[in-house]
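Remarks on the structure that follows.
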Amino acid sequence: MTEGKDLLRVLWSGADVLRGKMDANEYKTYLLGLVFYKYLSDSYLAKIYDLIRDEDPDSLEEAQYVYEEAMRSGDAEELLSEIKQSKHYTLDPDMTYISMLNAAKNNSFNREKLQAAFNRIEESDELFNGLFADVDLYSNRLGTGDQKQSATIAEVIKVLGGLDIIHTKGDILGNACK
């Protein structure tokens, strides 16, 4: 369970990755955008798991596995319809934070896939319109060239991967914004 001190420690570590590349207002935008994406993705996987197994997952990795299996079954369309009704958005299995985190750890992270996930969420409902508009994954502030920019975002994803957002007491997103 993530507590306030853990949240601050993780956010500070994420800021360390971006510090020196941009000013505080800019890296705050990246951190908050990625934290919010993680929240949406993690709660999405937890809901998927609950719909399939009628219980909370022990881990997000387990929820990811169950989701990938479900998407290979004949019930995938029905599941996506149900989750869209509940969450107002859908994510492909390779668009989840866990998938991005695994790719970052394996040095195969793809910013285009993350951008596609952002776009999918933003386009799914008016509620999410422009949600990630300020998170420019192609900014030269992240580094010069595709490799450095991707490496910077991948590093932040790895740092934030330690946050357990769905099992947290209190308002983790509100606290992250302070």
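The values are calculated or read from the model by the stated rules, or taken from the named source; none is laboratory data. Everything quoted here is computed from the prediction, not taken from an experiment. SASA here: full protein model, heavy atoms, side chains in, ligands and nucleic acids out. Shrake-Rupley method; radii C 1.70, N 1.55, O 1.52, S 1.80 Å.
Here the Karplus curve 6.51 cos²θ - 1.76 cosθ + 1.60, taken at θ = phi - 60°, turns the phi angles of the stretch 36-42 into couplings of 5, 4, 4, 4, 4, 5, 5 Hz, with x standing for Gly and Pro. Solvent-accessible area assigned to carbon and sulfur over the chain amounts to 45 percent, based on a 1.4 Å probe. Quickly estimate the mean residue ellipticity at 222 nm for the chain, helices only: each DSSP H run with n ≥ 4 gives -39500 (n - 2.57), and the total goes over all residues, rounded to 500. That calculation yields -20500 deg cm²/dmol at 222 nm.
What the pair-distance distribution of the stretch 39-153 shows, using all Cα-Cα distances binned every 5 Å from zero, is 2, 11, 20, 21, 19, 14, 8, 4, 1, 0 percent. For Ser73, the solvent-accessible surface computed with a 1.4 Å probe is close to 50 Å², ligands and nucleic acids excluded. Relative to the dominant Cα principal axis of the chain, helix 60-71 is inclined by about 50°.
Angle of helix 76-87 to the longest C-alpha principal axis of the chain, folded into 0 to 90 degrees and rounded to 10: 60°.
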